[in-house]
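Structure first, then comments.
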């Protein structure tokens, strides 16, 4: 089940207009689990569907935050190894401001 071969399925939201395609908001996969429970004297068995979903909005937010933390760490490292003037040049290059 968790061998990396699951086929991802798109989770969509209906389009805002009829002439637009649905918006993909997440991707994920589904698997089933056999469950059994005893209720009183009766043993019940059923199949439960489980969904593993990754929100694309959450993924973008996490990636943006990670990039911000890496850039901050790079600026701090540059400050440890260079003088103040060189630090400003390195920080501006890290931020993409050349």
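Is there a residue in the stretch 27-38 that is in contact with a helix residue (DSSP H, G or I) (Cβ under 8 Å, 6 or more places away or on another chain) and more than 30 Å from residue 95 (Cβ to Cβ)? Scanning the stretch 27-38 turns up at least one residue that is in contact with a helix residue (DSSP H, G or I) (Cβ under 8 Å, 6 or more places away or on another chain) and more than 30 Å from residue 95 (Cβ to Cβ). Scanning the stretch 58-88 for residues that are modelled with pLDDT under 75 and surrounded by fewer than 12 Cβ atoms within 10 Å (Cβ to Cβ) yields a total of 4. Of all residues in the stretch 47-57, those that are part of a helix (DSSP H, G or I) and exposed (fewer than 12 other Cβ atoms within 10 Å of the Cβ) total 1.
Summed over the stretch 16-43, the residues that are loosely packed, with under 10 Cβ neighbours inside 10 Å and in a strand (DSSP E or B) give a count of 7. Residue count for the stretch 1-13, restricted to those that are surrounded by 10 or more Cβ atoms within 10 Å (Cβ to Cβ) and either part of a strand (DSSP E or B) or out of contact with any strand residue (DSSP E or B) (no Cβ under 8 Å at 6 or more places or on another chain) (or both): 5.
The values are calculated or read from the model by the stated rules, or taken from the named source; none is laboratory data. The model shown is predicted, which means the values in this text are computed figures rather than measured ones. Glycine gets a Cβ as well: all are built from the backbone with ideal geometry, and neighbour counts include every protein chain shown.
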